[in-house]
1. Find the helices (runs of 4 or more DSSP H) located wholly in region 203-279 whose residues include 3 or more that are under 19 Å from A316 (Cβ atoms), and list them.
2. Condition check: under 30 Å from E336 (Cα atoms) and surrounded by fewer than 18 Cβ atoms within 10 Å (Cβ to Cβ). Does T204 satisfy that?
3. In contact with a Ser or Thr (Cβ under 8 Å, 6 or more places away or on another chain), charged (D, E, K, R) and part of a helix (DSSP H, G or I), is that true of E95?
4. What pairs come up if the first residue lies in region 300-312 and is outside the structural domain of L264 (by TED's automatic domain parsing), the second is at pLDDT 90 or above and of a type in the set (A, V, I, L, M, F, W, C), and their beta carbons are under 9 Å apart, counting only those six or more places apart or on different chains?
5. Just to verify a result, which residue in region 260-279, among those that are at negative phi and of a type in the set (K, R), is surrounded by the fewest Cβ atoms within 10 Å (Cβ to Cβ)?
6. Regarding A340, is this residue among the aliphatic types (A, V, I, L, M), over 30 Å from I132 (Cα atoms) and at pLDDT 50 or above?
7. Those residues that are within 28 Å of M329 (Cα to Cα) and without any contact (Cβ under 8 Å) to a residue 12 or more places away in the chain, I need them from region 189-212; list them, please.
8. Is region 268-286 home to any residue that is in contact with a strand residue (DSSP E or B) (Cβ under 6 Å, 6 or more places away or on another chain), among the β-branched types (V, I, T), over 23 Å from G332 (Cα atoms) and without any contact (Cβ under 8 Å) to a residue 60 or more places away in the chain?
Amino acid sequence: MTKIARLGIDTSKSVFQLHGVDDQDEMVLQKKLRRRQLLSFVGQLEPCLIGLEACGGSHHWARELKALGHQVVLLPPQYVRPYVTRNKNDKNDAEAICEAMDRPKLKGRFVPVKSAEQQAAQMLLGTREDAIKRRTQLSNQIRGYAAEFGVVAAKGLCQLGPLLARLASDDAIPALAKQMFVKLAQELAELGPHIAELDKQLQTWQRSNELCRRLREVPTIGPVGAGLLAIKVGHPAAFRSGRACAAWVGLTPKDHSTAGKQRLGGITRAGDEGLRAVLVSGATAYIQQVRRGRTTPSPWLADLLRRKPLKLAAVALANKTARIAWKLMVSGERYEARRACGQQRLGAAQWGRLRAEPLRRTSNAAHGADAMSTLRSSA
C-alpha cells in the first residue's frame, strides 16, 4: 500500500469511515470498519497524521491512536462542514476531515486532546451543574403548583421551607396534592447533600491542581470558573494573545464592517457557553461587591460603570478576566493585584481579598427535610 500522509476518520458509535491520501493529495485508502477493527487496522499503518472531528468520544480515540505512534488532531465540526461536497454521508465526511486538516487557516484551530483526568474533572463539573439545574427545576415546579392553589412565596431557595410548611397546614389543599408536594420535597431534600458532596469533591480536586489554585487568586474567578478554565483551555499556548483567547470564549464583539466603516455589534457568543456564562457571572458578582462598597474598583472599571450599563460592564470585565487567565496559564505566574492594577488597569489592591465562594446549601436541605416531614405527617 502507498504510504498514507493524512488519514481522515469519521467516527460514530459502531461504524468508522476512513479516507487516506498520499503526499500528492491522491486518494489511496477508502475503507469502512467496525469499532472492534479500527485499532488493529490503524496499528498496521505507518505513522501518519490522523484527523477526527471533535466530539465526546474523539478524545478517547485520539489517545488510543497516539499510543500507536500516530499524530492525531481534532477539528471543530463547524470548520469541517464547508469541505463536505454535495450530500452528507460517512464517505464525504471522512473526505472533508482529510481535506480540512491540511488547510493552513485551520491548523491554529485544532482542539487539544484531553487526558482521562481532565475528562473525569469535566464529568464532575457536569454532574454538579445537572444537579443544580434539577434543584432549580424542582423549586420552580413546587412554586408553580403552589401558585395554582393560591399559595405564593418570595424568591430564594430559603423560602421553600416555609412555603412547604404553609402547604402542609392549608386545609383547602386536597390530600392528593399534599402527597405530591411530599414527593417533590423529598427529592429536593436529597439534592442538598448530593450537591454538597460534589462541592467537596470539586474542592479536593482543585487543591491537587496547581493551575486551579493560581487561577482562583483572580478575584473574578471562583472554584467553578477555575476548574472550567483548566479543563476547557487545555492548550493556552495555541492562542496568539489574550484577546484571541477571549474571542474563542465568545466575549468579543461581532464585526460587521464594510466599505471602510467599522460596525461592531454584540458579543459573538462563540465557543463554550458554560465557560462564558461562568466568567460573566463572576464579573457580575464582583460588580455587585463594588456597588455595595465592599471593595474598591480600578479606575478603568469605575469609569466604565459610570458610562455603561451594568451588564455591558460585566461582559467587558469578563473579557479582561479571560485575558488575565490566559496570561497566567501561559506564563506560569501567580496573580498580583497591584501589578494588574498598574499595568492592565483591571485590578485594585483590595481584589486579593475577594473571592466568589459556593452557595451554602445546608440550610436549604434542612428546610426541605423539615417541611417534608411536616407534609408527610399531615398528608
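1. Numbers: elements: 210-215, 223-232, 242-249.
Qualifying helices (runs of 4 or more DSSP H): 242-249.
2. Details: under 30 Å from E336 (Cα atoms): yes; surrounded by fewer than 18 Cβ atoms within 10 Å (Cβ to Cβ): yes.
The answer is yes for T204.
3. Numbers: in contact with a Ser or Thr (Cβ under 8 Å, 6 or more places away or on another chain): yes; charged (D, E, K, R): yes; part of a helix (DSSP H, G or I): yes.
Yes.
4. none
5. Initial filter on region 260-279 (at negative phi): 261-268, 270, 272-279.
Add one more test, that the residue is of a type in the set (K, R), and what stays is 261, 263, 276.
Numbers: K261: 7, R263: 11, R276: 23.
The extreme case among them is K261.
6. Working: among the aliphatic types (A, V, I, L, M): yes; over 30 Å from I132 (Cα atoms): yes; at pLDDT 50 or above: yes.
Here the answer is yes, as A340 does meet what is asked.
7. Filtering region 189-212 for residues within 28 Å of M329 (Cα to Cα) gives 198-212.
Hits for region 189-212 are K200, T204, R207, S208, E210.
8. First, pick out the residues of region 268-286 that are in contact with a strand residue (DSSP E or B) (Cβ under 6 Å, 6 or more places away or on another chain): 268.
Those still in the list that are among the β-branched types (V, I, T) too: 268.
Imposing the further condition that a residue be over 23 Å from G332 (Cα atoms) reduces the set to 268.
Restricting the remaining residues to those that are without any contact (Cβ under 8 Å) to a residue 60 or more places away in the chain gives 268.
Within region 268-286 (the criterion being in contact with a strand residue (DSSP E or B) (Cβ under 6 Å, 6 or more places away or on another chain), among the β-branched types (V, I, T), over 23 Å from G332 (Cα atoms) and without any contact (Cβ under 8 Å) to a residue 60 or more places away in the chain), the answer is yes, since at least one residue qualifies.
The values are calculated or read from the model by the stated rules, or taken from the named source; none is laboratory data. What you see is a predicted model; the values in this text were computed from it and never measured. Please note: Cβ atoms are built from the backbone with ideal geometry, for glycine as well, and neighbour counts cover all protein chains shown.
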